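Each remark here refers to the structure printed beneath this line.
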Amino acid sequence: MRQPVGGVEVDFGAGPRRLAAGTVVLDLTPAGGLVPAEGPIDWTQLDKLPHCRTVEWSGPDRGVVDAVAGRLGIRFLYWSDAVGDLDLRRTHLGTVRLNGAQLRSVRLPRLIETVLLLRPPAGLQVEAPNEGRRVALRLFQYGPDVVIPTGLRRAPEVWLWVGGEFSAAALAALSDLEHLTLTFDAPPGVLTDLSQLRQHPRMHTLQLDDAYGLDPAALPELPQLRHLVLNGTRRTIATTLRQRFRRGPVELSVNGAKSQAWLAAHMDNPFRDWVEDSKAFGQAACKAYTRAWRAIEAIEPEAPDRLTAAERALRDLVADLNTIDSEHGLIDTIYREQAWDVFLDLAKRLHIPEPQAGEWFNESRRF
């Protein structure tokens, strides 16, 4: 469908702004500058943007749920720093992305298709139709302590983003699992208790990203498995599995098989897999991380200018990524989130509080 051209003036309460008449994605976070930091918000301005399908929001509700519920066309809600109890049942959302350390519970709408939870707090309560039987769950925990929310344990499609090691026993609560993706966020990418995968007799697709520590001999026979995908693995692992599945019925797909020499040089670099999209882009990002790491390693714990040096090293990393993006233009939402995770991890090593790290990151980045 051709989108209308021209612009429309809106004022949600932070002053008039001109937006494209065909705006599809509306940034109502503080970074967007469209809503006031406090005080009333004029949600009727959404009526001027009939093509809006996605709303990005941050912080307390302040009326966003009612506003979204009243507009059939809004199908995507991306909510950061969510707090308290969210009731989205009156909305027509198909996709919800949530994060927030103070989020207690969320009730999902009837039409929900995809739920993405970024670092969900322990004890998060989720209520979904039919316990998520028709939901694709994206649970990005970035660590080993993964807990499947009670209201989503019938989800047939699950993508877990974990740390460097993960136990298949953590999947035991998933009763209807058919399609599993595991992405390891750090080396060595070890999947333990592989025999526990037998508890999921319906699973037909298994995708492992950066599972460099996978033991192919421990992978059990799964009667319904038809697709095994390895994105980022050792060449020796790929060779072993190709031999095992050469006569079917499992279709094996391998991308980014690495040599021992390559892994010795890059295993600990969190940007190593960016090379898959572009060799020059990925190598530049790896070099940027290495420069930042060396600068951070050189900071003495008791140095009087330690905080200044830490800020300079972290901001220099973002400056390098800005340059890489301007040259290659490949840093999209997923890459941006990965860059933030890397930045935050380095900041934690320097004992920089997350709010301070977030301020430096957002002030410095242009991607």
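The values are calculated or read from the model by the stated rules, or taken from the named source; none is laboratory data. Because the structure is predicted, anything quoted here is derived from the model rather than measured. Every residue, glycine as well, gets a Cβ built from its backbone with ideal geometry; the counts of neighbours run over all protein chains shown. With ligands, DNA and RNA removed, areas are computed over all heavy atoms of the protein, side chains included. Shrake-Rupley method; radii C 1.70, N 1.55, O 1.52, S 1.80 Å.
Considering only residues in region 74-94 that are surrounded by fewer than 17 Cβ atoms within 10 Å (Cβ to Cβ) and closer than 20 Å to I334 by Cβ, the one that is farthest from the chain's Cα centre (by Cα) turns out to be G94.
Has region 39-59 got at least one residue that is open to solvent by less than 20 Å² (accessible area, probe 1.4 Å) and part of a helix (DSSP H, G or I)? The answer is yes, given that some residue of region 39-59 is open to solvent by less than 20 Å² (accessible area, probe 1.4 Å) and part of a helix (DSSP H, G or I).
Just to be sure before I move on: is T23 polar (S, T, N, Q), under 24 Å from T333 (Cα atoms) and either assigned to a loop (DSSP other than H, G, I, E, B) or open to solvent by less than 60 Å² (accessible area, probe 1.4 Å) (or both) in the structure I sent? Criteria met by T23.
For the subset of region 285-308 comprising residues that are open to solvent by less than 40 Å² (accessible area, probe 1.4 Å) and in contact with a Leu (Cβ under 9 Å, 6 or more places away or on another chain), which member is nearest to H328 (Cα to Cα)? Ranking the qualifying residues of region 285-308, first place goes to A285.
Restricting attention to region 333-356, the residues that are outside any helix (DSSP H, G or I) and surrounded by fewer than 17 Cβ atoms within 10 Å (Cβ to Cβ) total 2. In region 185-200, what residues are within 18 Å of V147 (Cβ to Cβ) and touching a residue at least 40 places away in the same chain (Cβ under 8 Å)? Answer for region 185-200, where residues must be within 18 Å of V147 (Cβ to Cβ) and touching a residue at least 40 places away in the same chain (Cβ under 8 Å): just D185. Taken together, R138, R97, R89, R104 contain a single residue that is part of a loop (DSSP other than H, G, I, E, B) and either in contact (Cβ under 8 Å) with a residue 60 or more places away in the chain or farther than 29 Å from A217 by Cβ (or both), which is R89.
Is it the case that some residue within region 62-76 is at pLDDT below 95 and not in a helix (DSSP H, G or I)? No, region 62-76 contains no residue that is at pLDDT below 95 and not in a helix (DSSP H, G or I).
Restricting attention to region 135-148, the residues that are open to solvent by 20 Å² or more (accessible area, probe 1.4 Å) and modelled with pLDDT under 95 add up to 5.
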